[in-house]
1. Where in region A:71-85 is the amide nitrogen less than 16 Å from a point lying 7 Å along the Cα-to-Cβ axis of A:S175?
2. Quote the charge dipole size of chain A about the Cα centre in Debye, to the nearest 20; the model charges only the Cβ of Lys and Arg (+1) and of Asp and Glu (-1).
3. For an R0 of 60 angstrom, estimate the FRET efficiency from the Cβ-Cβ distance between A:E129 and B:T130 and round to the nearest 0.05.
4. Which whole-Hz ³J(HN,Hα) couplings does region A:66-71 yield from phi under the Karplus relation 6.51 cos²θ - 1.76 cosθ + 1.60, θ = phi - 60°, glycine and proline marked x?
5. For the ranges A:71-83, B:216-228, what's the packing order if you count other beta-carbon atoms within 10 Å of each residue, average per peptide, and put the highest first?
6. Structure shown: which of A:K55/A:K153; A:K62/A:K116; A:K32/A:K55; A:K8/A:K166; A:K116/B:K5; A:K62/A:K182 lie over 28 Å apart, alpha-carbon to alpha-carbon?
7. For chain B, just the Cα atoms, rotate onto the principal axes and tell me the three extents in Å, largest first.
8. For B:L4 and B:T281 in one chain, what is 0.36 nm times their gap in residues minus the Cα-Cα distance, to one decimal in nm?
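Laboratory data are not the source of any read-out in this text; all were calculated from the coordinates shown. No experiment lies behind these values; they were computed from the predicted model shown. Here Cβ is always computed from backbone atoms with ideal geometry, including for glycine, and neighbour counts include all displayed protein chains.
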Amino acid sequence: MTHLLSAKGLNKRFGAVVAADDISIDVPVGQKLSLIGSNGAGKTTFVNMVTGYLKPDAGHIKLEGMDITSFTPRHIARLGICRSFQIPQLCLELSALENLLVAVSAADPEGLSLWKPADAEDRHERAEELLDRFGLSSYAHRRVVELPGGVRKLLDIAMALARHPKLLLLDEPTSGVSAEEKFATMERVMGGLAHEAATVVFVEHDMDIVARFSERVIAFYSGRIIADGQPDAVLRNTEVQRYVTGMTQ
Amino acid sequence: MSALKSLNIAGAAVAVMLGLGLIAPKWLLFLTTLAASHGLAILGVVVLTRGGGATFGQGLFFAVGAYVTALAASQAGISDAVVRVLLGGLAAGLVGALVAPLLARYRGIFFAMLTLALSMVAYGILSKSTALGGTDGFNLARPTLFGAELTGDSADYVLYALTVAVVGLASAWVFVYFRSSSGLISLAVRSNALRVEYLGASSRASLALDFTIASVLGGLGGALTALALGHVDPNFAYWTTSGEFVFAAILAGYQSVAAVFLASFGLEIVRSFSNLYFPTTWQLALGVFLLVVVLFRPGGIGSLWADRSRRPGARKRGERASVKGGVAP
């Protein structure tokens, strides 16, 4: 099986806290993988190491065989690993369309220009297509600071897609979204991703969403992997039920 | 509003300014020349502020432009005004490009203090250098223009026209830059530099580019000011000069190129008349004015029309959206 991402023996400590303890994960091309675990279990630390925000104390990360362990977030994004954030990282002063134009401009293979308009025809079309794909067209000209949380989440994910990533990491895509809207939001996210050939890794706390949308689940506890497999099997695992889902029988 | 339409408006504004210059009294012509050349340096501050950098050292590039323009004539025998202004802008841009990679590593107060430190180092060097006239500076000979001697009252108009033309060209390019992909990334860096990195663009490179552009504009402004005054001195690099540029930049806001020159003109008018009627307390009037702007128009005077164009309904249904990105003509 071809592995898009291969992380081996990752360790990360913050003082006395062990955030990653010998984490090894191989992600095949096209897989939809969810990472579960209680707060502080090490899920976001793993995402941050893969995207270059944190450097592991030990271990290495490879993308299609290339060691990216010491690369910066910018270099890693250019190689095709993009992410969204638990708290959407957007440009609050700009409109939704302008945020997407920022993303599309940054992803333009021609590079940035000192005179070519940011809203040139090709970029504009791509930005509007992304807005449309996530049902955000009606918010195009509203400043982000005026947008509701769920819309910001979708915009954050749409921006991550501007580069046609090989690997997309979504950090809690439904957090901050009301319980009634969680499934609809996730349906919209997955619908938006259907056009992409991206492999998806998402961090999620809602087990119904995990069971429905992932092909594989990895459970973290205290910086370690305690279960790895198909959703049904992982969610039935007694350690997972004890430490993660709290659904002990 | 399309870029072309905006640039046409800028061109028309330059033509009107050139026409008004023909009938303006001499004092107003001189004051407008100074306001426009200072406006270039202020525009540099605005470019940098828009991209997330706060500078208190724009005086460094203002001084480099002025001194290089002066030295081009006294040391290299270059008398042509256009060549001297271009040399001033290029020299300042070169200095800016050299220090930009270092400064772009910093943000906020550290960035501001480093720019201030560099300008004060330049002030110290210029003050102590007897070859450059020390604290008194030195005078410049009248420039020529394409081989023609500039004499009498016509010289003032020619320098005014040259300043207006340079301001027009520089403003038009800055306007294009603000709407470009680099300009939009620069605006995004100001808002969220971390996200820009995660999108694959470099926030440091963006800030370094803005700093270099600001230094070129500062140099052009210094060069034109030196030609208008016929004199250069170390005060061009002093922190109060940089402070005045920041003052006018706050007054203008970063949403409009035109507002920069309005603010600069307003500042020169207030300074001139206040100096005349209440010379010891005119800074008080300026301070109160700035306080009012910060409290009631924190986006600067440019936001008066830039904000309006962004309100819902301002754009006609079906009209293709354009990147305002905080820029209006």
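1. A:83-85
2. Values: 27 positive and 32 negative charges, 131 e Å.
For this selection, approximately 620 debye.
3. Details: r = 66 Å, r/R0 = 1.09.
E(calc), rounded to 0.05, equals 0.35.
4. Values per residue, Gly and Pro as x: 8, 6, 10, 3, 9, 6 Hz.
5. Details: A:71-83: 21.3, B:216-228: 31.2.
Per-residue mean Cβ counts within 10 Å order the peptides as B:216-228, A:71-83.
6. Details: A:K55/A:K153 26 Å; A:K62/A:K116 35 Å; A:K32/A:K55 25 Å; A:K8/A:K166 19 Å; A:K116/B:K5 16 Å; A:K62/A:K182 33 Å.
Going by Cα-Cα distance, A:K62/A:K116; A:K62/A:K182 fall outside the 28 Å limit.
7. 57, 45, 43
8. Details: separation 277, 0.36 × 277 = 99.72 nm, distance 4.45 nm.
In short, 95.3 nm is gained.
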